[in-house]
Amino acid sequence: MCMDIVLAFLLSIHCAPTTVITPSNATFFLNGVVYVRPDMMKPGVLVHELYHACQYEKAGNQSAKSWGEWQQREYDAKIAEILFNEKHDGDEIEVWYGVVSD
């Protein structure tokens with residue numbers, strides 16, 4: 001399996017991120033870029049962070065405006081991650097750094 005599985009899953013939940021994935025010393029999403037620590041390049045983690053990219057894009061490229069909105073975005077991304085992991089538990093998925101686009 002490959003990154004296509006991650007993107008196909010996201011599309012199945014109405015998320016088609018257009019973002020860049022880049023190595024970093026921490027894992028997070030910020031202003032259109034997914035930063036991933038090399039040891040965290042796991043499919044479920046990518047689903048979580050790429051879901052944040054969709055949230056950002058759906059909000060007009062705006063970060064969360066309040067603590068409550070941030071918490072809701074985090075909760076929703078975690079649900080996407082959990083659903084992905086339940087569906088693909090034990091599957092071997094190759095992931096990579098690069099540009100994600102439609």
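Just a few scattered comments:
- Sequence-separation-based contact order of the stretch 3-100, relative, with Cα cut under 8 Å and 6+ spacing, percent: 34
- The ranking of S66, S12, S24 by Cβ neighbour count inside 10 Å, starting from the fewest, reads S66, S12, S24.
- The chain: Rg to Rh, with Rh as the Kirkwood radius over Cα pairs: 0.94
- Taking each DSSP H run with n ≥ 4 as -39500 (n - 2.57) and averaging over every residue of the chain yields -15000 deg cm²/dmol at 222 nm.
- Antiparallel DSSP beta bridges within the chain, percent to nearest 5: 60
- Given their separation in residues at 0.36 nm each and the Cα-Cα distance between them, S12 and K42 gain 8.9 nm when the chain is fully extended.
- Translational diffusion of the stretch 33-77, µm² s⁻¹ [Kirkwood Rh, Cα pairs; Stokes-Einstein; 20 °C; 1.002 mPa s]: 193
Laboratory data are not the source of any read-out in this text; all were calculated from the coordinates shown. What you see is a predicted model; the values in this text were computed from it and never measured. FYI the Cβ positions are ideal-geometry reconstructions off the backbone, even for glycines, and counts take in every protein chain you see.
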